[in-house]
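In what follows, a single structure is set out as structure tokens and then discussed.
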Amino acid sequence: MLWRGDFQNARLLLQALARRIDKPRKTRKAKADAPPPSPVDAFNHYRQAQSQRARTLAMLLIEFDGEHRIALRRAPDVVPACTAVYGAGDAAQGNYVAPLRELQGLIGAHEWRKKGVAIAALGGERIYPHYGVFAPVRGDYMELLAQAPLPPALSSGGVAFDIGTGTGVLAALLVRRGVSHVVATDTDPRALACARENLARLVPDGRVELVQADLFPAGVAPLIICNPPWVPARPSSPIEHAVYDPDSRMLRGFLDGLAAHLAPGGEGWLILSDLAEHLGLRSRTQLLDWIAAAGLQALHRLDVQPIHPKAEDPDDPLHAARAAEITSLWRLVVKPLP
């Protein structure tokens, strides 16, 4: 539906639609002897409901001119937010339409980019995420990175690889810990632009080199870190690529290629939540089998129980899994030859 009326009324309509969708529906009373749904069934139902919700809310459209302006009454100035994502406008390109829901996401991302996210492990310094690049709002895994002992082999080589750098926050943390040079990779041009902007401010001496690559850069390093998406499922939006990893592609790619890129005596640090295990999407045995098949073994593991609102919300469909979740930093090394 293309909205032609007052902009603020469109916002109210979208809010009303969201409330109607989120309102619990009356269902038939389950049989007393019916087993509760399995964790994986609960997850699949949750994802299906979220997908249907997103499709429904995306049906309310707003018209823009070629320079990203909205002609509706009481419409805000969205040119800066749209320009940051779509690029500079051009009147010659003519009008276009986009979902109001998407516009709200652009505005929200623009606000995140302006105010940033304070990172305790960086002494309160801020990271400014771009649209489509996951904001580092959970500090638990960064604390693990700050606590883990650096491998002795790092002092001789002085270089570390950050695989899938995103905002660049982990690369900045490594430099703060004394690593003399970090090569940070990502496949997403938006992530690389975001990391470049953050690292130019946090690491102005050029100690972080950014490389567009699928997983590993060329060469070897005594320390290689990776924080892959934690849940093996298909993403449905750009931002979800930081959370969902179909068939554990990035996780398995990191494990399979790690031994070939580790310098002698080096360590690979895998930052991973066990949420997928509690959801029934991956087992601990399967993860350990992948590690062993890649010629690796776990030297040590640091664990932390994350604190986030959904873990405390019993009405959340995935509450049981979230409440049991543990985030770990696995210190992996090459398995010695027999």
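Read-outs: derived from the displayed coordinates by stated rules, not from any lab. None of these values were measured; they are calculated from a predicted model. Virtual Cβ from ideal backbone geometry, glycine too; neighbours counted across all protein chains shown.
Relative to the longest principal axis of the Cα atoms of the chain, the long axis of helix 7-22 makes an angle of roughly 60 degrees. When each of the peptides 107-118, 213-224 is scored by the mean number of other C-beta atoms lying within 10 Å of its residues, the order from highest to lowest reads 213-224, 107-118.
Bridging of residue 115 to aspartates and glutamates at a Cα separation below 15 Å is possible for 125, 197, once same-chain residues fewer than 8 apart are set aside. The structure-derived value of mean projected area of the Cα convex hull in nm² appears in the list [x] 20.7; [y] 17.0; [z] 21.9 under the label [x]. A crude spin-label estimate for the pair residue 96 and residue 15, with each label 7 Å from Cα along the Cβ direction, gives 2.9 nm.
Test of the criteria: in the range 1-106, which trypsin sites (Lys or Arg not before Pro) are in a DSSP loop and have at most 13 other Cβ atoms within 10 angstrom of their Cβ? Passing sites in the range 1-106 are 4, 25, 26, 28, 29, 31, 73, 74. Can you work out the FRET efficiency for the pair residue 297 and residue 53, with r the C-beta to C-beta distance and R0 = 45 Å, to the nearest 0.05? It comes to 0.55.
For the chain, modelled as a GNM with alpha-carbon contacts under 10 angstrom, which of 210, 270, 302 fluctuates the most? The residue that fluctuates most here is 302. Put in order of Cβ neighbour count within 10 Å, fewest first, the listed residues 127, 70 become 70, 127. Descending by average beta-carbon neighbour count within 10 Å, the peptides 56-68, 81-93 line up as 56-68, 81-93, the highest first.
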